[in-house]
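The values are calculated or read from the model by the stated rules, or taken from the named source; none is laboratory data. All values derive from a computational prediction rather than experimental measurement. Cβ placement follows ideal geometry from the backbone for every residue including glycine, while neighbour counts extend to all protein chains displayed.
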Amino acid sequence: MTLDRLKQFIVKHFEKILVLIILLAAAMGTFFIEDKTLLLNFYFLPVVFASYFLGKRLGVLSAFFSVLAVVVCIIVFPQYFLIKGQFLSSVLRLTSWGGFLILTSYAVGSLYEQKERQTLELKNAYIGILEILTKYIDSFDRYTKGHSVRVAEMAMEIAIAMGLPRTEVENVRVAGLLHDIGKIEISSEVLRKAAALTPEEKDLMATHAEKGASILAKVGIVLKEVVPYVLAHHRYYEDLTDSKEESFKEIPMGARIIAVADAFDAMTTDRPYRKGMQPWEALQKIIDDAGKQFDPFVVGAFRRVITERAENI
């Protein structure tokens, strides 16, 4: 698991790691390559990359780090940067380079933040529309009214308890809200059936995850990160651990979180053909299924959430 966590860390922070490597390469090159002035323009690469992919703050920080690295090199190797007899012009040239580097990082970073704001606004618009659709689905299936909202809230609390990044928590919340959206393509007779479902009807109902993922995939880039969560939220954890290691990646962490929240709400909700369990009974059943149906790490966080909820009552 240590290797898996290392891989996840590298993937998660890939842009930052790449920027740091390029900056270090430029700094080392400034120390060891004889013609120092040729390397000055090389610093634009990590600065532009950091500004475009990581935002204005980290872009400007990269620019300041680059300028600082060059200042240190000037102190150590003044003969390579300051032309004899042209001290003032050399200082002005280096100052303009540093100023332009910082200005570039600020400008590109501002464009990045503008793009992020527009994407967020577009995403919020889509989510608003889909929230309305989700409420329609919940009202259409009177036995699960409010289910999607409760799953979204529980999944979000679990993700926070696990210490996931803010963007990941939001993706989990959105996926929890939309995880049953595929039911819109399921027959209303099956959704509204008061009795237990037949095997054939269960098979039909089981297709809602794929149908939901297909619907969300059509939205495009705005909700692309939640599609795998919706697609895999009914897959069993043990099916992956019993197979090849690479297939472990087929269930994203967000889907494992939604699986627990979804199961808990389903077990504690009354149905015409059975009464809902008490929360502590459902909790114990989920704990018993840790390592089988559910990810043990997620179950541990879920247990903390339920305990905290009980203490706040």
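Observations on the model:
- Residues (more than 17 Å from Glu153 (Cα to Cα) and in contact (Cβ under 8 Å) with a residue 24 or more places away in the chain) located in region 297-313: Phe297
- Qualifying residue in region 22-44 (condition: in the same structural domain as Gly109 (by TED's automatic domain parsing), out of contact with any helix residue (DSSP H, G or I) (no Cβ under 6 Å at 6 or more places or on another chain) and at pLDDT 75 or above): yes
- Which numbered condition Ser105 misses (of (1) surrounded by fewer than 16 Cβ atoms within 10 Å (Cβ to Cβ); (2) among the polar types (S, T, N, Q); (3) in contact with a Ser or Thr (Cβ under 6 Å, 6 or more places away or on another chain)): (1)
Table: residues versus (1) at pLDDT 75 or above; (2) more than 29 Å from Lys123 (Cα to Cα); (3) assigned by TED's automatic domain parsing to the domain that holds Ala161.
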| position | (1), (2), (3) |
| --- | --- |
| Glu210 | yes, no, yes |
| Val222 | no, no, yes |
| Ile257 | yes, no, yes |
| Ala261 | yes, no, yes |
| Asp270 | yes, yes, yes |
| Arg274 | no, yes, yes |
| Gln284 | yes, yes, yes |
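- Condition met for Asp265 (acidic (Asp, Glu) and modelled with pLDDT of 90 or more): yes
- Test result for Val70, surrounded by 17 or more Cβ atoms within 10 Å (Cβ to Cβ), β-branched (Val, Ile, Thr), in contact with a Lys or Arg (Cβ under 9 Å, 6 or more places away or on another chain) and modelled with pLDDT under 80: yes
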